Amino acid sequence: MEARAIQTAVRQSARKMRLVVDQIRGRSVPEADAILRFSKKVAAIQIRKVLKSAVANAERSAERQNERLDVDTLTVRYAVVNEGPTLKRFTMAAMGRGTPIKKRTSHVEIRVGADAAKAKAAPAPRAEAAKAKAPKAEAKAEKPAKKAAAAKKPRAKKDK
C-alpha cells in the first residue's frame, strides 16, 4: 500500500526545504512527524502538512479497498522537493534604478508506504537460494567479458 501527497508552489526556496526533507526520508511516519514537529526550520511546517496529507490518503485508500492499515507501520518511501515557478519582482535602488528580486517557490512530494522490514521478512528463504546460485552466474558473466576484451584488438590507423 502506497499513497502520496503533493503541494505545489510553496513560498519557500527548494534549497531550504531540502534540508528538512533529507532528515525524514526513509524514516517511519511517527518518527518523521516528531522530527518535523520539533524542528526550528520554517519549512518543517509545510512539509508536515504534506506528510499528514499523505498518511490520510493512505488511510482513505485502505478504507476504499477494505484493508487494514496501521499508520505506525508506514514509512516515508519517497520525499523530494523540486523548484517551482519563480516570482520576479523589483525593488528601488540608487539613482532611480530598480534591482531584481527573485521570490522562489517549490513543489513538495511525499510518498508513504507499508514498512519494508515486514515485507522482506517473508521471502528470506528464496533470497538464500538466490545467493547459492550467484557464484555460477558470476562465472558465466566472466566468459563473455573475456570474449569482448579479445574482440577489442587495436586497429590499424587509416591514412588519409
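Coordinate-derived values only; no laboratory data. Every value quoted in this text rests on a predicted model; they were computed, and no experiment measured them. Because the Cβ atoms are built from the backbone with ideal geometry, glycine has one as well, and the counts that use them run over all protein chains shown.
Some values worked out for this structure:
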item: Protection proxy ranking, peptides 48-58, 101-111, average beta carbon neighbours within 10 Å, highest first; result: 48-58, 101-111
item: Nonlocal amide H pairs with Gln12, under 5 Å, H built at 1.01 Å; result: Ser106
item: Per-residue ³J(HN,Hα) for the range 64-79, Karplus 6.51 cos²θ - 1.76 cosθ + 1.60, θ = phi - 60°, Hz, x for Gly and Pro; result: 5, 8, 6, 10, 7, 8, 9, 4, 5, 8, 6, 10, 7, 7, 8, 9
item: Per-pair calculated FRET efficiency, R0 = 41 Å: Lys16 and Arg68 via Cβ, rounded to 0.05; result: 0.60
item: Mean separation of Cα contacts under 8 Å, 6 or more apart, over the residue count of the range 51-120: relative contact order %; result: 37
